[in-house]
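In what follows, a single structure is set out as structure tokens and then discussed.
The values are calculated or read from the model by the stated rules, or taken from the named source; none is laboratory data. Since this is a predicted model, take the numbers as computed values, not measurements. Reconstructed Cβ throughout: ideal geometry from the backbone, glycine too, with neighbour counts over all protein chains shown.
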Amino acid sequence: MKAMFNSSRTYGLFTAYFDEELYHYAIDNNIINYVISVVGVTRVLEDVEISQRNHSQYQDLKRFLKQDFTTIHKNIQISDKLKPYITSRIAIQPQSTEGDFKIISFSDEKARMIQVNWIPNRGKSYTFLSHVDKLELVAKATVDGQIFLVLSGMWVPDPKDKSKLIPYWIDYTKLIVNEETILNNLTPTWYSKPYVYKMNVKADEEIKIQVEWLPHKSDA
């Protein structure tokens with residue numbers, strides 16, 4: 001019961017719908033009946049999430065038992081409190097100020113794309129925030145050089161101390177670049193501990209990048 005209560009699944013779903021103080025009240029006071037209630041409410045919330053999906057309840061229930069969160073369907077509205085637990089942060093950083101690296105397409109129409117120009121000695125960088133568990137994008141280099149692919153979790157400052165970040169972890173499971181598998185095993189990351197891949201690019205070369213991820217499992 002304690003492991004279920006302390007899992008990121010219980011915390012993420014419960015605080016997505018209720019005030020975070022209610023969750024911490026159970027921790028601070030160590031009231032077993034309250035802990036049981038929180039876990040029970042979370043299970044009901046899981047059933048609500050399942051009922052909004054296209055897969056059968058049995059199929060989705062099996063997935064809930066195997067991982068902390070089920071994959072969120074792209075048409076479901078996600079609470080802002082839940083997003084840091086399921087959102088990937090995929091950055092493309094050219095290692096040159098020459099030329100203009102271009103994004104041709106990306107598969108998640110709801111993904112947020114951010115352009116960054118302030119990183120020293122680097123060209124225009126692009127960051128994608130997505131929570132649909134996979135992203136495929138096509139980019140194009142305009143000059144010879146190198147790029148960094150940086151996979152991590154969201155950048156979330158601690159509201160009590162803006163100089164610190166909250167470590168929201170994301171488990172990346174796959175990275176494929178131009179049909180070459182670069183990453184094919186579960187790799188936990190967060191903003192300050194990213195997975196970085198460096199590659200050479202040629203002028204006018206199109207680069208196909210495929211990334212898959214899962215919410216971080218509390219026992220990983």
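Is it the case that LYS174 is basic (Lys, Arg), on the phi < 0 side of the Ramachandran plot and either in contact with a Ser or Thr (Cβ under 8 Å, 6 or more places away or on another chain) or without any contact (Cβ under 8 Å) to a residue 24 or more places away in the chain (or both)? Spelling it out, LYS174 is indeed basic (Lys, Arg), on the phi < 0 side of the Ramachandran plot and either in contact with a Ser or Thr (Cβ under 8 Å, 6 or more places away or on another chain) or without any contact (Cβ under 8 Å) to a residue 24 or more places away in the chain (or both).
Among the residues of the stretch 178-218, those that are hydroxyl-bearing (Ser, Thr, Tyr) and in contact with a strand residue (DSSP E or B) (Cβ under 7 Å, 6 or more places away or on another chain) comprise THR187, THR189, TYR191, SER192, TYR195, TYR197.
Restricting attention to the stretch 97-111, does a residue exist that is crowded, with 17+ Cβ neighbours inside 10 Å, part of a loop (DSSP other than H, G, I, E, B), touching a residue at least 24 places away in the same chain (Cβ under 8 Å) and under 12 Å from the mean Cα position of the chain (by Cα)? Within the stretch 97-111 (the criterion being crowded, with 17+ Cβ neighbours inside 10 Å, part of a loop (DSSP other than H, G, I, E, B), touching a residue at least 24 places away in the same chain (Cβ under 8 Å) and under 12 Å from the mean Cα position of the chain (by Cα)), the answer is yes, since at least one residue qualifies. For the stretch 141-179, taking the residues that are in contact with a Pro (Cβ under 9 Å, 6 or more places away or on another chain) and aromatic (Phe, Trp, Tyr), the one that is modelled with the highest pLDDT is identified as TYR172. Can you say whether ASP171 is over 18 Å from SER130 (Cβ atoms) and in the same structural domain as PHE101 (by TED's automatic domain parsing), as far as the supplied structure shows? When the stated conditions are applied, ASP171 does not pass them.
From the list VAL177, VAL156, the lone residue that is more than 12 Å from TYR85 (Cα to Cα) and not hydroxyl-bearing (Ser, Thr, Tyr) is VAL177. Residues in the stretch 145-155 that are crowded, with 16+ Cβ neighbours inside 10 Å and within 17 Å of ILE114 (Cβ to Cβ): ILE147, PHE148, LEU149, VAL150, LEU151, SER152, GLY153, MET154. When the residues of the stretch 157-174 are filtered to those that are among the aromatic types (Phe, Trp, Tyr) and assigned to a loop (DSSP other than H, G, I, E, B), which remaining residue is surrounded by the fewest Cβ atoms within 10 Å (Cβ to Cβ)? Within the stretch 157-174, the match that is surrounded by the fewest Cβ atoms within 10 Å (Cβ to Cβ) is TRP169. Tell me which of these VAL177 doesn't satisfy, since it passes every other one: (1) over 11 Å from the mean Cα position of the chain (by Cα); (2) within 14 Å of LYS102 (Cα to Cα); (3) surrounded by 15 or more Cβ atoms within 10 Å (Cβ to Cβ). Every listed condition holds for VAL177 apart from (2). For the stretch 189-209, the count of residues that are of a type in the set (Phe, Trp, Tyr), surrounded by fewer than 16 Cβ atoms within 10 Å (Cβ to Cβ) and assigned to a strand (DSSP E or B) is at least one.
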